[in-house]
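Following: one structure in structure tokens, then a few remarks.
Only the coordinates and a few stated rules stand behind these numbers; no lab work does. Computed from a prediction, not measured in an experiment: that's the story for all the values here. Ideal geometry is used to build each Cβ from the backbone, glycine not excepted, and the neighbour counts take in all protein chains shown.
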Amino acid sequence: MIVFHAQEGDLDAIMALEESGFDHARWSRESWGAELTAPDRQVLAYRDAEGVLVAVATMQLVDDFGDLLRVVVAPERRGQGIARKLLLASILMAQASGAVRILLEVEEENGPALSVYGRLGFSPIDRRRDYYGAGRHAIVMELPIDASSYSPGSPVEVAS
């Protein structure tokens with residue numbers, strides 16, 4: 001597994017993922033560019049064996065928690081455990097930065113994402129009606145990650 005800190009030079013590849021990963025509520029090039037340069041963001045990406053960027057996740061670090069803002073995996077690579085690996089790296093880096101919990105919103109109908117988050121220990125704590133548009137509700141989930149309560153169970157390396 002090759003997880004690394006995404007750089008501004010990865011923006012084109014990230015935008016290609018964004019286009020393939022979402023049919024609504026896509027982030028703009030400007031939004032992703034801001035993610036890559038903001039000092040309070042942790043943008044991690046995953047490259048396959050051929051060096052192709054196939055997944056990206058971004059988290060905002062605020063005080064003692066991480067806010068997982070976006071996870072995108074190339075459609076043809078879903079179901080291969082890539083999101084889980086990327087999330088584990090994000091969780092461990094947030095923990096190393098002093099975070100004691102992570103929050104996220106996920107579309108209520110996104111069963112695969114809910115399953116991945118649940119297996120990693122996230123629990124639903126709230127529901128936001130119409131968060132993604134009319135009739136598209138979000139589940140707010142939380143993961144405590146203090147040193148005594150979270151252990152990912154598998155090693156993850158992050159390249160610089």
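What the table below lists for this structure:
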{"read-out": "Residues with amide H under 5 Å from that of Ala6, placed H, sequence gap 5 or more", "value": "Val43, Leu44, Ala45"}
{"read-out": "Rounded to whole Hz, the Karplus (6.51, -1.76, 1.60) HN-Hα couplings of region 49-65, x for glycine and proline", "value": "4, 8, x, 7, 6, 10, 7, 8, 9, 10, 9, 9, 9, 10, 6, 10, 9"}
{"read-out": "Most mobile of Ala74, Ala25, Ala34 in a GNM of the chain (Cα contacts under 10 Å)", "value": "Ala25"}
{"read-out": "In Hz, Karplus ³J(HN,Hα) per residue of region 128-143 (6.51, -1.76, 1.60; θ = phi - 60°; x = Gly, Pro)", "value": "10, 5, 6, 4, 9, x, 4, x, 10, 8, 10, 9, 8, 10, 9, 10"}
{"read-out": "Dipole moment magnitude, nearest 20 debye, the chain about Cα centre, only Lys, Arg, Asp, Glu C-beta charged", "value": "380 debye"}
{"read-out": "Å³ per residue enclosed by the Cα convex hull of region 2-159", "value": "114 Å³"}
{"read-out": "Global geometry of region 37-126, whether rounded, prolate or oblate, following the gyration tensor of its Cα atoms and the 1.5 cut on a/c", "value": "oblate"}
{"read-out": "Amide H contacts of Leu69 (H built 1.01 Å from N, under 5 Å, at least 5 apart or other chain)", "value": "Thr58, Met59, Gln60"}
{"read-out": "Gain upon complete extension [Ala49, Ala96; 0.36 nm per residue less C-alpha separation]", "value": "14.2 nm"}
{"read-out": "Ile102 long-range amide H proximity, modeled H, under 5 Å", "value": "Gly66, Leu143, Ile145"}
